[in-house]
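Every read-out reported here was derived from the displayed coordinates using simple, explicitly stated rules and does not represent laboratory data. Predicted model only: the values in this text are computed from it and were never measured. Using ideal geometry, Cβ is built from the backbone for each residue, glycine included, and neighbour counts are taken over all protein chains shown.
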Amino acid sequence: MAGAVFVFTLVVLMSFAADALDNGLALTPTMGWLHWERFMCNTDCKTDPDNCISERLYMQMADVMVKEGWKDAGYEYVCIDDCWTFHKRDAQGRLQADPDRFPSGIKKLADYIHSKGLKLGIYADLGYKTCGGYPGSLGYHEIDAQTFADWDVDLLKYDGCYLEWKLVGEGYINMSKALNNTGKSILYSCEWPLYVWPFDKPNYTAIRETCNHWRNYADVYDSWSSIKSILDWSAKYQDIIVPSAGPGGWNDPDMLVIGNFGLSHDQQESQMALWAIMAAPLIMSNDLRDICPRSKALLQNKYIIAINQDPLGKQGYQTSKGNDFEVWERPLSENRLAMAVMNRQEIGGPRRFFLAAAPGWELCNPKCNITLILPKYQELGVVPLQTDLMLPVNPSGTMLLTLTPLQNTLQDHKLRWNSTL
Ligand SMILES: *[C@@H]1O[C@H](CO)[C@@H](O)[C@H](O)[C@H]1NC(C)=O
Ligand SMILES: *[C@@H]1O[C@H](CO)[C@@H](O)[C@H](O)[C@H]1NC(C)=O
Ligand SMILES: *[C@@H]1O[C@H](CO)[C@@H](O)[C@H](O)[C@H]1NC(C)=O
Ligand SMILES: *[C@@H]1O[C@H](CO)[C@@H](O)[C@H](O)[C@H]1NC(C)=O
C-alpha cells in the first residue's frame, strides 16, 4: 500500500446562496419506505394479493414499521408510487384510487397511517400520463394538489414522464405553488434534473427553491452495477450537485434496495454508508414483512443514521480515488468528519487501507479520536497524525468511520485537498 498513487480530487465547493423551499420540511433527509423498486406496478390482487399495489400493502408496512423498530429508528413516511389510481378521473376531474385495490380510499388510508404515528406519501406526474400510463396532472395540478391536501397526504413524489423537457421546470414550479396554496405543508419530491440532464444543465437554484429533494439520475435497480453507476455519476457531477444540498432540500440518489435480492451484504453496507455520506433521503424499497436480520440491523444502524441526519446538513463527496479505493468524506457537526472508504476491487480478499492516505486525515494534526462504524462498531480511540494504521476493506464493501480532531477544528481546515493531477 505504501507508495500507492492516489488521485486527490480538487473540490471547489462554493457556498450556495439559494434558499430552500420554505415549507418547514426535510430539514434533514427524508426517511421512509416507497413501494416502487420492490413492488413496481403489480396490480394483480386476484392472484398475488400479498404483493400487489393495494391499501393492504401500505397498512401492513406501517404495522411492521411500528412493531419492528423502523419508526423508532427514524423511518417515517410510507409512500405510494405509480399505479395506485383508477384509469379515469371522476366527474369533478379529481384523481380517484382504484376502487378494487383501495376500497377504503386514500383519506382512510392516511388516517390509518397517521394513527400509527407515521406519514403517507403519494405519487403523481406532471405530464399527460404517469410513467405507468395512469392519468397525468397536466392541466389538473391545482385540483390534484387540493385533492392530496383534502386526503391529508404528507408527501408527493411528482414524476416527469410524458411532457416535453422544456416544460418540465414549469410543471414542477406549478405543482410547488399549488401545494403551497393548499396551506398544508406537503413534502415535495421531484425528478426535475433527471428529465433535464439529457438536454441541458439543470438550474439547481430554481430546483432548490421548488423541491424538498430531487432525483438526478436513473432509477435504482436491485444490483451492484446500478449502485456503482449512481455513485460514479454522483462523483462525476459533485461540483454541480453537492453545493445545492442543505436543510430543506437534498439530492436524491433513489431508494435503498438493502434487504432484497441483488446485493451481497458488503454491497448493502456500501449503499448504506454512501447514502449517509451523500446526505441522501433514506427511502427503503424492500419487503419489511420478510427481511433478513443483518439487512434489518444495517438499515436501523443508529450510527449510520446519525451521519445521514447530521444537523450541519452538508452533503459529502468523493475526495480521492486510486488503487481501486475510493474515499468519500462528509463534514459533520461538532467539527467531526465522516469518512467512507470503498474497495472497488472485485477480486481477491480484504485489502488494507492506509488511513493516513485519506485527504481528510490532514485534520488529525496532532491527533484524532477515531470511531469505526462499519464493518463493525469499534472505538479505536486517539490516533496520532503520524499513524501507520491500516484497516481492511472487503471487495465491494465499505469501511465507515468518524474522525474527531483533538486540538483542531474543521473551520481551521481549508477544505483544500491537494491535487496530484
Ligand atoms: C408557502 O410559501 C410561503 C412563502 O415561501 C411560506 O412562508 C409558507 O410557509 C408556505 N406555506 C406552506 C404551507 O408551505
Ligand atoms: C403552469 O401553470 C400555468 C398557469 O396555470 C399554465 O398556463 C401552464 O400550462 C402550466 N404548465 C405546466 C407544464 O403545467
Ligand atoms: C435559475 O433560477 C433562478 C431562480 O429561479 C433564476 O434567478 C436564474 O436566473 C436562473 N438561471 C438561469 C441560468 O436560468
Ligand atoms: C472518543 O470517541 C468515543 C466515541 O464517541 C468516546 O466514547 C470517547 O470518550 C472519545 N475519547 C476521547 C479521548 O475524546
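For every residue, the table says whether it meets (1) among the hydroxyl-bearing types (Ser, Thr, Tyr); (2) within 16 Å of ligand 1 (Cβ to nearest atom); (3) under 19 Å from GLY105 (Cβ atoms).
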residue	(1), (2), (3)
ILE143	no, no, yes
ASP150	no, yes, yes
LEU155	no, yes, yes
ILE173	no, yes, no
ALA178	no, yes, no
LYS184	no, yes, yes
PRO198	no, no, no
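Just to check your reading of the model, which residue among SER229, SER225, SER189 is over 29 Å from VAL393 (Cβ atoms) and either of a type in the set (Ser, Thr, Tyr) or in a loop (DSSP other than H, G, I, E, B) (or both)?
After ruling out the rest, the residue left standing is SER189.
Of the residues in the stretch 379-402, how many are more than 10 Å from ligand 4 (Cβ to nearest atom) and over 27 Å from TRP224 (Cα atoms)?
Number of matching residues: 7.
Given the criteria assigned to a helix (DSSP H, G or I) and surrounded by fewer than 19 Cβ atoms within 10 Å (Cβ to Cβ), does ARG289 qualify?
Answer is no for this residue.
Look through VAL153, VAL196 and report the one residue that is away from ligand 4 (no atom under 16 Å from the Cβ), among the β-branched types (Val, Ile, Thr) and under 20 Å from the mean Cα position of the chain (by Cα).
VAL196
Give me a count of the residues in the stretch 103-119 that are within 20 Å of TYR140 (Cβ to Cβ) and more than 28 Å from the chain's Cα centre (by Cα).
Selection size over the stretch 103-119: 1.
Of all residues in the stretch 184-197 being surrounded by 20 or more Cβ atoms within 10 Å (Cβ to Cβ) and away from ligand 3 (no atom under 15 Å from the Cβ), which is farthest from ALA26 (Cα to Cα)?
My answer is TYR195.
Name the residues in the stretch 141-168 that are touching a residue at least 60 places away in the same chain (Cβ under 8 Å) and in a loop (DSSP other than H, G, I, E, B), would you?
Selection gives ASP154 alone.
Find the residue count for the stretch 112-127, including only residues that are within 16 Å of ligand 2 (Cβ to nearest atom) and farther than 16 Å from GLN96 by Cα.
2
Can you work out which of the residues in the stretch 198-234 that are hydrophobic (A, V, I, L, M, F, W, C) and surrounded by fewer than 16 Cβ atoms within 10 Å (Cβ to Cβ) is nearest to ligand 3 (Cβ to nearest atom)?
ALA206
Among the numbered criteria (1) in contact with a Phe, Trp or Tyr (Cβ under 8 Å, 6 or more places away or on another chain); (2) within 11 Å of ligand 2 (Cβ to nearest atom); (3) farther than 22 Å from LYS107 by Cα, which one does LEU167 miss?
(1)
Scan the stretch 80-94 for residues that are in contact (Cβ under 8 Å) with a residue 60 or more places away in the chain and surrounded by fewer than 22 Cβ atoms within 10 Å (Cβ to Cβ) and jot them down.
ASP82
Can you confirm whether ILE207 is in contact with a Pro (Cβ under 8 Å, 6 or more places away or on another chain) and among the β-branched types (Val, Ile, Thr)?
So ILE207 passes the test.
LEU138 - would you say it is of a type outside the set (D, E, K, R), away from ligand 1 (no atom under 16 Å from the Cβ) and not in a loop (DSSP other than H, G, I, E, B)?
no
State which residue pairs qualify: first residue closer than 28 Å to ASP22 by Cα and inside the stretch 212-237, second residue hydroxyl-bearing (Ser, Thr, Tyr) in any location, beta carbons under 6 Å apart, and separation of 6 or more residues or different chains.
Within 6 Å, the pairs are ASN212/TYR188; HIS213/SER189.
Only one residue in ASN181, ASN174, ASN251 is free of Cβ contacts under 8 Å to residues at least 60 places away in the same chain, among the polar types (S, T, N, Q), within 21 Å of ALA124 (Cα to Cα) and crowded, with 16+ Cβ neighbours inside 10 Å, so which one is that?
ASN174
Read through the list (1) of a type in the set (Ser, Thr, Tyr); (2) within 25 Å of MET59 (Cβ to Cβ); (3) surrounded by 15 or more Cβ atoms within 10 Å (Cβ to Cβ); (4) without any contact (Cβ under 8 Å) to a residue 60 or more places away in the chain, then give the number of the only condition that SER115 fails.
(3)
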